[in-house]
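The values are calculated or read from the model by the stated rules, or taken from the named source; none is laboratory data. Keep in mind it's a predicted model, so treat the numbers as computed, not measured. All Cβ positions, glycine included, derive from the backbone under ideal geometry; neighbour counts span all protein chains shown.
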């Protein structure tokens, strides 16, 4: 594992500032450690051998108090800088992640839940990485160097002992690590399977109870927990070996140094001040290295979170054109989209302006994919889509989408008022990328459709009735993805969006699926109003939708598949 | 039950191992302190040029401490983890047994799967509590006490300073730290929630945002939330450093007091000069041991919260209890009946009022009604996950409360909307219903559920893994596998809860037909909000249009 991922420096500039500050603080801290040891050695010698009283000791005590205050100040500064830097780095990464997700678009696939968790909580793992691990890493490099530099002129033998044993620690740890890593990895995988079993049976508790198997599972849990303990202990016996080596080397070296200087003191080859200096500084040389190991988890978790972020940031952004939005005949020219080694869509079709085309076929035949291609969410693996003879690949997607009103199968409703949700169609389209310092100027821009427009769109969509029935009408706040609204109500809000957008092209994706007959009839009426005078492409299942179309394209695979 | 009692009862069988761990840990930390103390004396003594022989004991002690520390620390960690894992195993089994008694009605507060999962994760907190909190604190307390006595014997002032410093680091700093953390969290929590809501909206609503050109406005709004959060985090940074500064000051204060008090004592003859270094330098090693305490205290708060949640669950009242003297049920065919039933998941929030329902042998009844009308509650009553608050539920005229629930659930099967598939093979999922079923019996059940053809196309056949929550299967396949499992069990009465939810029309109709064909002459209650069920069943009961009775 790399201690510091260089990409962290690239993607989060805050890291560089932090590293510089940490190194500066580390140098000051190392100097203070040496100063403290020197003062203590002098003070003890003065009292013990020279018979100094408190008065003659006062300057030393004052100097020592200053050093102590200095160490406290450095400790405070280290934590403060770490928290500030971590906040800045997380903020920078979040900003980049969000911008990148939008740039890549919905085709990225992958687990949206995992992305959300990473952005909201996952990056917090960097806190401990910045506050604990990185500073310790810097100290592990700086402190031994400064300590050895101080000891070198005082006592060559002790300096050499420390200088020779210190590198043994990382070497031995690496050796032990190499030997055990593969075995550990295997066992940890097994262990995580065992822990997962407990979560699995708790989640399926009701099912177990239905089948009268809950009692038997308790015994299984006991057995598996015992097995898990046995395996964990086997792993730990080896895993703790590396810290055993570390502690042994560090403590034994200090003991050897202490005995050595004691013997040379007896023989008169060394004075007490130097001996005390060595005794105080020797453990300090090993301490940061020992603590790096203790913060291994902080490091691993922080780097894992960063790794996840980098994986997203390194997803390539699809190429996009810059041409202005075309208009005219829409042609699917032998368009193929492949998904998991099979054709998710294979379509050749032409839609004239003002025409209504229905895409039909069983679920999974690519109806939604065809609409995604047209929206630019999915890039065809073969073939192309042209509009008025212009290849869509060369067109600026945002400009092209501004000519489309899309009603998805399951429209997403945003946290906010019903008005804001309908007015989504009225967002200024070509906002320049706002500089962060001026970000606040742009927050008011999202929904600014005038009230009558929204109400008119809602009326046309057949949504005005139920909105009027809500306690706050158009200001009613929608929670968590429109919780509390029925499928039909969501659909009508999405239709209102489309009416408000008033675009020449309308894409409808199974707008009446999951609706009961009565609601479906209302929604159908709204769809007829919306389709009037526009080019419409409908992914359709129900006969009444298909009946609306001037042209029907059956996407069913030939010959008809098993499903 | 308090979390402390829960911990005590769970940990008592592993007490021996825990004591061993504390002793080994104390030995390891004691060796570190001893190394410094004896070395300090050795060097001071050596400065007076005595015969080397007089130093031999100290030299051997220093070397022994040097060796002992690492070895004892290794022993401490192994003994501690072994004991903690034993406790974990016991606690897991105990929590699971209790959850099994409570599920699902007693866990009304935990009905969301995530919460059940969190509960399962809470059990792991006992590991942290033992190895990362109690063990370091016990070791630091013992070693701290010993060191205070050692230093205090030679210089009471230095001993007092050491005691004070240790209390600062071990008790005051953690309190300050948790205060600071709470303050910071309080500031950050609403901002985090704002950022999280915005992020969820952006990630999940991205297609809608892009299609309507609303993406840059959203990003700008999120940037604003993010900047607010960053500023709040940076504002609390000054507080975060205070604890570290106090720890540094406490160590330094002990050094100063030790040197000053030692100088006075040596000058007055109360202290031998060669012990001065011992008094001044020993605290350096002691504070190294104590330095882990603030981190240990941080784990404490989280682990305690987890254990408290567990203690709450363990002391929750059971929603249904098995009868003292269960009544025997005659052999089938069986009739299930709801008679003027009221029911509530949480006291006072009645979801069913005065409901009558009869399911005669071989009958096919559909229970319809909008969501929230209590359809699933009826199912819970029929398998006795819940008892009615008024009226009664009977099997062949016998009140369910007088029947052994295990026996009842052998007769009445329930296929919930979210029938759970375990993260294992198709065969193992089926054998939940009948552990001794042969492969042929499994295939027969799969055939009845119209899934055998598909299983036949799989390279691993019955041994195919279904993935977490069955995610390797399509929605329809999951339902069919769950149905096959229910069929394998041989229930005489089957309750199917929203069997076609989240399926498209075509798949839904096919599944419904297969379901009803597969159940054969068993009695079936289909719970659904679909209106096209009427043609497929003998009777439709609409929860909304039940004859309204006049409330008292």
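Select the helices (runs of 4 or more DSSP H) contained entirely in segment A:456-539, then report the ones holding at least 2 residues which are under 38 Å from the mean Cα position of the chain (by Cα). Working first, answer last.
Values: elements: A:464-469, A:487-501, A:517-531.
Where helices (runs of 4 or more DSSP H) fall fully within segment A:456-539 and carry at least 2 residues being under 38 Å from the mean Cα position of the chain (by Cα), they are A:487-501.
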- Note on the structure: Counting only helices (runs of 4 or more DSSP H) entirely within segment A:116-167, those with at least 1 residues that are in the same structural domain as residue A:18 (by TED's automatic domain parsing) and either in contact with a strand residue (DSSP E or B) (Cβ under 8 Å, 6 or more places away or on another chain) or crowded, with 19+ Cβ neighbours inside 10 Å (or both) are A:125-128, A:134-154
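Got a sec? Which of B:280, B:286, B:242, B:341 is at pLDDT 85 or above and over 37 Å from the mean Cα position of the chain (by Cα)? Let's see the steps before the verdict.
Values: B:286 fails: over 37 Å from the mean Cα position of the chain (by Cα); B:242 fails: over 37 Å from the mean Cα position of the chain (by Cα); B:341 fails: over 37 Å from the mean Cα position of the chain (by Cα).
Only one candidate passes the filter, namely B:280.
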- Message: Restricting to segment A:266-277, and then to whatever is facing chain B (nearest Cβ under 9 Å) and assigned to a helix (DSSP H, G or I), can you tell me which residue is nearest to residue A:135 (Cα to Cα)?
- Response: A:276
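Does residue B:262 qualify as being within 7 Å of chain A (Cβ to nearest Cβ), in contact (Cβ under 8 Å) with a residue 24 or more places away in the chain and part of a helix (DSSP H, G or I)? Show your work before the answer.
Working: within 7 Å of chain A (Cβ to nearest Cβ): yes; in contact (Cβ under 8 Å) with a residue 24 or more places away in the chain: yes; part of a helix (DSSP H, G or I): yes.
So residue B:262 passes the test.
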- Selection from segment B:36-61 of residues more than 7 Å from chain A (Cβ to nearest Cβ) and part of a helix (DSSP H, G or I) yields B:36, B:37, B:38, B:41, B:45, B:53, B:54, B:56, B:57, B:58, B:60, B:61
- Residue list for segment A:1-24, filter: under 30 Å from residue B:283 (Cα atoms) and surrounded by 21 or more Cβ atoms within 10 Å (Cβ to Cβ): A:22
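Taking segment A:211-225 as the region of interest, how many residues are assigned to a helix (DSSP H, G or I) and in contact with a helix residue (DSSP H, G or I) (Cβ under 6 Å, 6 or more places away or on another chain)? Break it down stepwise before answering.
Going residue by residue through segment A:211-225, those that are assigned to a helix (DSSP H, G or I) are A:214-225.
The next check asks that each one be in contact with a helix residue (DSSP H, G or I) (Cβ under 6 Å, 6 or more places away or on another chain); those that pass are A:214, A:217-218, A:221-222, A:224-225.
Total meeting the criteria: 7.
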- Per the list (1) within 8 Å of chain B (Cβ to nearest Cβ); (2) farther than 30 Å from residue A:140 by Cα; (3) surrounded by fewer than 18 Cβ atoms within 10 Å (Cβ to Cβ); (4) in contact with a helix residue (DSSP H, G or I) (Cβ under 9 Å, 6 or more places away or on another chain), residue check on residue A:263 breaks on (2)
- Any residue at all in segment B:271-286 that is in contact (Cβ under 8 Å) with a residue 60 or more places away in the chain, in the same structural domain as residue B:136 (by TED's automatic domain parsing) and part of a loop (DSSP other than H, G, I, E, B)? yes
- Matching residues in segment A:65-74 - criterion: being facing chain B (nearest Cβ under 7 Å) and either farther than 14 Å from residue B:246 by Cβ or touching a residue at least 40 places away in the same chain (Cβ under 8 Å) (or both): A:65, A:71
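Just checking, how many residues over segment A:540-549 are touching a residue at least 60 places away in the same chain (Cβ under 8 Å), assigned to a helix (DSSP H, G or I) and surrounded by fewer than 20 Cβ atoms within 10 Å (Cβ to Cβ)? Even if it seems obvious, please write down each step before you answer.
Looking only at segment A:540-549, we keep the residues that are touching a residue at least 60 places away in the same chain (Cβ under 8 Å), and these are A:540-541, A:545-546, A:548-549.
Then drop every residue that is not assigned to a helix (DSSP H, G or I), which leaves A:545-546.
Of the ones still in play, those that are also surrounded by fewer than 20 Cβ atoms within 10 Å (Cβ to Cβ) are A:546.
Qualifying residue count for the region: 1.
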- Query: Residues of segment B:466-485 being buried (at least 17 other Cβ atoms within 10 Å of the Cβ) and more than 10 Å from chain A (Cβ to nearest Cβ), which ones?
  - Reply: B:466, B:470, B:473, B:477, B:478, B:479, B:480, B:481, B:483, B:484
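Given the residues B:456, B:475, B:467, which is the only one that is within 30 Å of residue A:513 (Cβ to Cβ) and out of contact with any helix residue (DSSP H, G or I) (no Cβ under 8 Å at 6 or more places or on another chain)?
B:467
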- Boolean, residue A:83 is under 30 Å from residue A:119 (Cα atoms), part of a helix (DSSP H, G or I) and assigned by TED's automatic domain parsing to the domain that holds residue A:128: yes
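Does residue B:400 count as more than 10 Å from chain A (Cβ to nearest Cβ) and surrounded by 21 or more Cβ atoms within 10 Å (Cβ to Cβ)? Give the steps one after another, and end with the answer.
Working: more than 10 Å from chain A (Cβ to nearest Cβ): yes; surrounded by 21 or more Cβ atoms within 10 Å (Cβ to Cβ): yes.
Taking the combined requirement at face value, the residue satisfies it.
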- Give segment B:487-507 a look and list any residue that's in a helix (DSSP H, G or I) and buried (at least 21 other Cβ atoms within 10 Å of the Cβ), or say none. B:487, B:488
- Message: Which of the numbered conditions does residue B:356 fail, given that it passes all the others? Conditions: (1) over 30 Å from residue B:173 (Cα atoms); (2) under 31 Å from the mean Cα position of the chain (by Cα); (3) in contact (Cβ under 8 Å) with a residue 12 or more places away in the chain; (4) surrounded by fewer than 17 Cβ atoms within 10 Å (Cβ to Cβ).
- Response: (2)
- Note on the structure: Checked B:245, B:220, B:240, B:270 against criteria (out of contact with any strand residue (DSSP E or B) (no Cβ under 7 Å at 6 or more places or on another chain) and more than 9 Å from chain A (Cβ to nearest Cβ)); the one match is B:270
- Residue check: is residue B:64 more than 8 Å from every other protein chain (Cβ to nearest Cβ), modelled with pLDDT of 95 or more and in contact with a helix residue (DSSP H, G or I) (Cβ under 7 Å, 6 or more places away or on another chain)? no
- Assess whether residue B:275 counts as being more than 30 Å from residue B:3 (Cα to Cα), buried (at least 20 other Cβ atoms within 10 Å of the Cβ) and at the interface with chain A (Cβ under 7 Å from one of its Cβ atoms). no
- When both residues are 6+ apart or on different chains and their Cβ atoms are under 7 Å apart, which pairs have a first residue that lies in segment A:76-101 and is closer than 16 Å to residue A:314 by Cα, and a second that is not in a helix (DSSP H, G or I)? A:92/A:12; A:92/A:13; A:93/A:12
- Message: Suppose the filter is in a loop (DSSP other than H, G, I, E, B) and surrounded by 17 or more Cβ atoms within 10 Å (Cβ to Cβ); does residue B:213 pass it?
- Response: yes
- Query: Which residues, counting only those in segment A:226-240, are at the interface with chain B (Cβ under 8 Å from one of its Cβ atoms) and in contact (Cβ under 8 Å) with a residue 24 or more places away in the chain?
  - Reply: A:228, A:232
- Message: Condition (residue is free of Cβ contacts under 8 Å to residues at least 12 places away in the same chain, away from chain A (no Cβ under 14 Å) and within 22 Å of residue B:517 (Cα to Cα)) applied to segment B:429-443: is it met by at least one residue?
- Response: yes
